[in-house]
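The values are calculated or read from the model by the stated rules, or taken from the named source; none is laboratory data. Note that this is a predicted model, so its numbers are computed, not measured. Every residue, glycine among them, receives a Cβ derived from its backbone with ideal geometry; neighbour counts consider all protein chains shown. Just so you know, the surface numbers come from the protein's heavy atoms only, side chains and all, with ligands and any DNA or RNA stripped out. Shrake-Rupley method; radii C 1.70, N 1.55, O 1.52, S 1.80 Å.
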Amino acid sequence: MSDPDTTQCPTRLDPPAHIAVIGAGIIGTCCAAELRDRGYRVALYDRGEPGQEGASRANAGQLIPSLIQPIAYPGIWRDAPRLLAARDSPLAIAPSHLPRLVTWLCRFLASSRRDAWRRGVASLAELNAGAMAATRDLYGRAGLLDSLENTGALFLHESPASLDRARADWTEKSEHGYEHEILSPQALRDLEPDLAASFSGAILERSVCHVSDPLKIVEGLYRYTTARGTVFRRSDVRIAAAGGDGVELAGADGGRERFDGLVIAAGAWSRQLLRQIGDDAALESDRGYNITIPDPGVAIRRCLVFADRGFVATPLKSGLRIGGGVELAGLAAPPNPIRLQRMLEAAKRFMPGLDDRGGETWMGHRPATPDSLPVIRASDRHPRIVYAFGHGHLGLTQGPVTGRRVAGLFAGTGAV
């Protein structure tokens, strides 16, 4: 069940119970930090250095709690053929991976039914309502508030029809407290003069934040929690045993260690761990691409969301980061450079002065569920194992609030 409902709690574990967290990306480090700050003994595992795997290393860096509408919207089945056929579509499915996607895609389409979609909106709105408060609280404790920039975001629309469709979406978002302004083409040009004059308008959301560098956030949270006693172990561990009295992890070197509880926060790789204990989840890699340009030749002042193209631009400390898209091709396929090339072509049309020389390219794996809802709950089979994965495009936004919820599950309080 991909649902942030935390009413199902694991066997209550009081501090100083020993809890392992597998995955040192944004979700895992937030979980480790919240658990340690509540008095639990914590061991954080990852096969690489903190933040270096998955989507945490070089994501877009934007925090947008107003993204409460699941990707599988009602009627997406009608738009899918067009999206898949378009040369510069934000969506791509690798033909070689399609046989493995059948079940996931069937669940994705089922999630687009209006009743299911409405439930998804309600669940995401409930989770995201606490996202920024949890972020500011955790970043404050970790000394990272200076890395949080509140410049707002512009959602850019290329046609009057696109802008009209967005008005309906934002009417719903307004019901959940997300305020916005609709800008004329001239008002947009006044705010971002280096954009092309081809947009029909934009929607400004002033509450959107971005970080100066998403990798530095993960590394900062890691330093914070390890300074307070969390132990980091670089190891590609597996779950050797799980029962009513705890969990046993086995490292690649053959060593074993028992824990009172376990958090699985390994992003797109979490499904492999679930299968080790007889569980499973509808989880796929949503591959995204980006380029970070140190001297872009354009002055972009705030987060940009190219709403009709499925990519964004963020003014980070290291330069302008342009990225996005959805590619379903699995965890093992090599990067497809055409995906980034076409995104960059579009970015140059919308930012005519853009100079991509010296840009650093990247591809990462976002953990995607069919209904866009993260999995934050205890295992049905093993109540001392808690799941915290499937955050898709919102890992940075939902990391701290997920950490709070995971800590609340072990404390027996649900959300804290």
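Given the range 310-356, report the % of alpha carbon pairs whose separation exceeds 12 Å.
67
Hey, what do the phi angles of the range 288-296 turn into as Karplus ³J(HN,Hα) couplings, whole Hz, using 6.51/-1.76/1.60 and θ = phi - 60°, x for Gly and Pro?
With coefficients 6.51, -1.76 and 1.60, one gets x, 10, 7, 9, 10, 10, x, 10, x Hz.
What residue among Val102, Val326, Val401 has the largest mean-square fluctuation in a Gaussian network model of the chain, using Cα springs under 10 Å?
Its mean-square fluctuation being the largest, the pick is Val102.
For the chain, set up a Gaussian network in which alpha carbons nearer than 10 Å are linked by springs, and say which option among Lys317, Lys173, Lys216 fluctuates the most.
With Cα springs under 10 Å in the chain, the top fluctuation among Lys317, Lys173, Lys216 is at Lys317.
May I ask you to compute the full-extension gain from Asp146 to Ala250, defined as 0.36 nm times their residue separation minus their alpha-carbon distance, rounded to one decimal in nm?
Residue separation times 0.36 nm, minus the Cα-Cα distance, leaves 33.6 nm.
Take the alpha-carbon positions of the range 7-91, form their convex hull, and give its projected area averaged over all directions (one quarter of the hull surface) in nm².
9.3
Relative contact order for the chain: what is it in percent, counting Cα pairs under 8 Å that are at least 6 residues apart?
31
Step through the residues of the range 369-383 one at a time and calculate ³J(HN,Hα) from phi using the Karplus curve (6.51 cos²θ - 1.76 cosθ + 1.60, θ = phi - 60°), rounding each to whole Hz and writing x for Gly and Pro.
9, x, 9, 6, 9, x, 9, 10, 6, 7, 5, 5, 6, 10, x
Obtain the nm distance between the two label points defined at Ala110 and Ser162 by a simple spin-label model: each point lies 7 Å from its Cα along the Cα-to-C-beta direction.
Here the modelled spin labels are 3.4 nm apart.
As a check on your grasp of the helix formula, calculate [θ] at 222 nm for the chain: sum -39500 (n - 2.57) over DSSP H runs of n ≥ 4, divide by the residue count, round to the nearest 500.
Estimated from H runs of four or more residues: -10500 deg cm²/dmol.
Run the numbers for Arg275 and Ala240: contour at 0.36 nm per residue of separation, minus the present Cα-Cα distance, in nm.
11.4 nm
What whole number of Å gives the distance from the Cα centroid of the range 221-278 to the Cα centroid of the range 59-89?
Measuring centre to centre over Cα atoms gives 33 Å.
What lysines sit close enough to Lys348 to cross-link, taking a C-alpha to C-alpha distance under 25 Å and skipping anything fewer than 8 places away on the same chain?
Lys317
Give the separation of the Cα centroids, the range 298-329 to the range 20-37, in Å.
Cα centroid of the range 298-329 versus Cα centroid of the range 20-37: 27 Å apart.
Where in the range 271-287 does the amide nitrogen come within less than 19 Å of the point 7 Å from the Cα of Thr11, taken along Cα to Cβ?
Those under the cut-off are 277-279.
Near Asp279, within a Cβ-to-Cβ distance under 15 Å, what is the net charge of the other residues, with Lys and Arg +1 and Asp and Glu -1?
Combined, the nearby Lys, Arg, Asp and Glu give +4.
Where Lys and Arg each count +1 and Asp and Glu each count -1, what net charge lies around Glu248 among other residues with Cβ under 14 Å from its Cβ?
So the surrounding residues net to +1.
How many Å³ per residue does the convex hull of the Cα positions in the chain occupy?
Dividing the Cα hull volume of the chain by its residues yields 132 Å³.
Report, ordered by chain and residue number, the lysines lying within cross-link reach of Lys173, taken as a straight Cα distance under 22 Å and ignoring same-chain residues fewer than 8 apart.
Correct list for Lys173: empty, as no lysines qualify.
Rounded to the nearest 0.05, what FRET efficiency do Glu179 and Ala86 have when you use their Cβ-Cβ distance and R0 = 30 Å?
Step by step, r from the Cβ atoms, then E = 0.35.
If the viscosity is 0.692 mPa s and the temperature 37 °C, what translational diffusion coefficient in µm²/s does Stokes-Einstein give for the range 8-164 when Rh comes from Kirkwood over Cα pairs?
It comes out at roughly 168 µm²/s.
Rank these by accessible area, largest first, 1.4 Å probe: Ile68, Ile93.
Ile93, Ile68
Hey, any idea what % of the chain's accessible area is carbon plus sulfur with a 1.4 Å probe?
51
Rolling a 1.4 angstrom probe over the protein heavy atoms, how many square angstrom per residue are accessible across the range 11-123?
Here the per-residue accessible area is 45 Å².
Could you check how many percent of all C-alpha pairs in the range 199-350 are farther apart than 22 Å?
61
Rounding to the nearest 20 debye, state how big the charge dipole of the chain is about its Cα centre with +1 on each Lys and Arg Cβ and -1 on each Asp and Glu Cβ.
520
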